[in-house]
1. May I ask you to say which residue of V131, V125 is modelled with pLDDT of 95 or more, within 27 Å of K26 (Cα to Cα) and not polar (S, T, N, Q)?
2. So how many residues does segment 143-171 have that are of a type in the set (G, A, S) and assigned to a loop (DSSP other than H, G, I, E, B)?
3. Between a first residue in segment 136-164 that is over 21 Å from T126 (Cα atoms) and a second residue that is charged (D, E, K, R) and assigned to a loop (DSSP other than H, G, I, E, B), which pairs have beta carbons less than 6 Å apart while being 6 or more apart in sequence or on different chains?
4. Just a yes or no: is a residue in segment 277-298 under 18 Å from the mean Cα position of the chain (by Cα), surrounded by fewer than 16 Cβ atoms within 10 Å (Cβ to Cβ), of a type outside the set (F, W, Y) and at pLDDT 85 or above?
5. Out of everything in segment 29-55 that is assigned to a helix (DSSP H, G or I) and within 18 Å of F281 (Cα to Cα), what residue ends up being nearest to the chain's Cα centre (by Cα)?
6. Condition first: over 19 Å from A280 (Cβ atoms) and open to solvent by 90 Å² or more (accessible area, probe 1.4 Å). Now tell me which residues in segment 61-83 satisfy that.
7. Considering only segment 215-232, state which residues are open to solvent by less than 40 Å² (accessible area, probe 1.4 Å) and closer than 21 Å to L250 by Cα.
8. Quick one: G212 ticks every box in (1) part of a loop (DSSP other than H, G, I, E, B); (2) within 25 Å of the chain's Cα centre (by Cα); (3) surrounded by fewer than 18 Cβ atoms within 10 Å (Cβ to Cβ) except a single one, so which number is it?
Amino acid sequence: MSTSGISVEARRIDALLLRALYGGSKSYWELMREGHAQTHHILESLQGLLKNELVTYDGNRFVLTEAGRRQAEALGLDRVADQRCETCAGRGIILRPPFDRVLEAFQEIVAMRPKATPDFDQGYVTPETTVLRLALMAQRGDLAGRDLLLLGDDDLTGIAAALSGLPRRIFVLDVDERIVGFIRDVARDRGWDNVHAEIYDVQDPLPETLRGQFDVFFTDPVETLRGIFLFLSRCTEALRGPGSAGYFGLSYLESSWKKWRDIQRGLLDMGFAITDMLGAFQDYQLENIVAQATRWPRWRPFLSANLMCPSTSARSTGWS
């Protein structure tokens with residue numbers, strides 16, 4: 001990216017943060033959501049706003065100074081209200097039957113789940129996010145009567161899917177034997193004979209018995225290019241063919257726009273069409289993530305201010 005491009009991006013992020021703060025104080029993670037860029041770019045912008053005394057921080061929330069308000073008004077940002085739907089928070093999905101009832105039962109189950117561990121790059125989404133994923137899949141025709149593969153499932157999306165009673169078959173592959181054991185125990189206790197879980201390392205070949213056996217996959221891969229395409233290639237091998245679909249998460253906090261472009265090209269090369277990209281779809285429970293946050297030590301006090309961070313959910317369909 002050229003120097004002018006970096007300048008344009010920095011000005012865009014500054015404006016987004018000023019606009020967000022013009023509407024009221026914000027936590028660290030709320031500003032991360034508003035910045036729509038990689039974390040280090042948002043942090044650089046936030047540092048600049050603090051240094052120029054356009055923004056202050058009280059130990060918990062960020063607030064515009066009077067100079068910051070004048071700057072926002074000079075840019076016309078005071079005339080632009082938040083355009084997102086207040087009901088669905090911009091997701092386009094809300095929980096209606098049966099998913100409203102699924103959420104209540106699911107919350108009781110996840111309370112007993114093993115704690116997240118950095119050993120497997122775990123960070124759990126909120127129970128509502130998990131169920132919203134399923135509501136989206138059902139809306140797109142990818143849940144009821146479908147055979148569903150979950151590659152990595154520390155969020156227990158498979159259990160939530162089973163609570164809905166909609167998929168025909170649910171198969172979970174996860175490297176964490178604690179998660180696999182937990183899913184098996186819940187399935188046994190609930191009498192779900194269509195729910196299966198196996199220990200699996202994505203670096204190993206997909207078992208022959210699972211190839212071409214599923215209609216839909218869901219995965220939330222690590223965000224290196226090699227990791228993303230490894231996860232997606234394993235999932236693709238498990239799909240039946242034309243009409244199959246896949247869902248995965250990708251965060252703009254960790255992935256540059258160049259990486260997004262490379263991923264989109266890779267999806268097209270794999271024979272998929274990108275049908276949906278929903279920004280800021282996933283909210284994370286950060287109790288464990290906060291304790292592991294060592295990359296930005298100067299900003300660590302901000303990390304406990306809000307227990308949600310944004311991620312995008314993407315759906316890809318098609319087959320060549």
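The values are calculated or read from the model by the stated rules, or taken from the named source; none is laboratory data. These numbers were taken from a predicted model, which means no experiment stands behind them. Cβ placement follows ideal geometry from the backbone for every residue including glycine, while neighbour counts extend to all protein chains displayed. For the accessible areas, the whole protein counts, side chains as well, though only heavy atoms, and no ligand, DNA or RNA atoms are used. Shrake-Rupley method; radii C 1.70, N 1.55, O 1.52, S 1.80 Å.
1. Just one listed residue meets the conditions, V131.
2. Within segment 143-171, residues that are of a type in the set (G, A, S) and assigned to a loop (DSSP other than H, G, I, E, B) number 4.
3. G145/R168; R146/D215; D147/R168; D147/D215
4. Yes, that holds for at least one residue.
5. My answer is R33.
6. E66, R70, L75, R79, listed by residue number.
7. V216, F217, F218, T219, P221, E223, G227, I228, L230, F231, L232 - these are the residues of segment 215-232 that are open to solvent by less than 40 Å² (accessible area, probe 1.4 Å) and closer than 21 Å to L250 by Cα.
8. It is condition (2) that G212 fails.
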